[in-house]
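J.: Below is a structure I'd like to ask you about.
Values quoted throughout were computed directly from the atomic coordinates according to the rules given, and no laboratory measurement underlies them. Because the structure is predicted, anything quoted here is derived from the model rather than measured. Here the Cβ positions follow ideal geometry from the backbone for every residue, glycine too, while neighbour counts run over all protein chains shown.
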Amino acid sequence: MHRQPAQAMLIDLDGVIRRWDPAVAAAAEVGHHLPAGILMHTAFSWDLLRPAIAGEITDAEWMHLVATRLPLAYDEAAAAVTEWQQHRGTVDPEALAFVRAARAAGRQVGLATNATDRLRTDLEALDLTGEFDAVISSSELKIHKPAPEFFAQACQALNTEAPWILFVDDDDRVIRGARAAKLLGFRWTGTQDLPYLRKALALPS
């Protein structure tokens, strides 16, 4: 059976639209004599990350907790974290062009992301404010992907039923959750996916 094109799209931020330079963390670790990889490993420990993306603690509180776990005196650890966090990533121009093309063709596009309370500030810093029809943030909802309630709220934000929404994310677990919630989940692997995604939304070539 031929599948009808999606009517709207929900797209992830980190790993899809925003890219992070690992050299920034590496430089902070070298500069403060920290083991390689410790900043990311510590920050993304689930017991620290989950409350940050669930809106239970602020981004600043999350980073404070990261600093307390580093093998340095707190002041130096905090300086290392601050140096790392000054870099807020860069926008993938091809991914952004795809979002703009979808909206220009009349498709609603929502940003659906697990994020801390720093998200809105980051969107402004990256010149992404106004690039989406809706911003669905886990810290604002107090619910993070892949909870079914997150997907329900995201669909409601676009006023579109789940089977008509293309959901693009780089996390396998999130995509499985999206598909379980009846969305058209597609796992992003890079800009090589764009021709397929354009077809899924029936965008003009």
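J.: Based on the Kirkwood radius over alpha-carbon pairs, what value in µm²/s does the Stokes-Einstein equation return for the translational diffusion coefficient of the chain at 25 °C and 0.890 mPa s?
T.: After rounding, the answer is 137 µm²/s.
J.: What full-extension length gain, to one decimal in nm, is calculated for Arg19 and Arg50 as 0.36 nm per residue of separation minus the Cα-Cα distance?
T.: 9.1 nm
J.: A further question on this structure: Mind listing the phi-derived Karplus ³J(HN,Hα) values for segment 180-192, rounded to whole Hz, using 6.51, -1.76 and 1.60 with θ = phi - 60°, and x for any glycine or proline?
T.: 5, 8, 6, 7, 8, x, 10, 7, 6, 10, x, 5, 5
J.: Length gain on complete extension for the stretch His33 to Ala152, per 0.36 nm per residue less the alpha carbon to alpha carbon distance?
T.: Stretched out fully, the His33 to Ala152 stretch lengthens by 38.3 nm.
J.: Kindly write out, for segment 96-104 in residue order, the coupling ³J(HN,Hα) from the Karplus curve 6.51 cos²θ - 1.76 cosθ + 1.60 (θ = phi - 60°), rounded to whole Hz, with x marking Gly and Pro.
T.: Along segment 96-104, the couplings run 5, 4, 5, 4, 5, 5, 4, 5, 5 Hz.
J.: Label point 7 Å out from Leu194 along Cα-to-Cβ: which residues of segment 1-42 have amide N under 13 Å?
T.: Under 13 Å, as judged by backbone N against the label point of Leu194, lie 17 of segment 1-42.
J.: Work out, step by step, the length gained on full extension between Gln4 and Lys142: first 0.36 nm times the residue separation, then minus their alpha carbon distance; give nm to one decimal.
T.: Contour length minus the Cα-Cα distance gives 46.4 nm.
J.: Spin-label point model (7 Å from Cα, Cβ direction): what's the Ala101 to His41 distance in nm?
T.: Taking the simple label geometry, Ala101 and His41 are separated by 4.1 nm.
J.: I've got another one for you. For Arg173 paired with Asp92, estimate the spin-label separation in nm (one decimal), with each label point 7 Å from Cα along the Cα-to-Cβ line.
T.: Once both label points are built, they end up 2.1 nm from each other.
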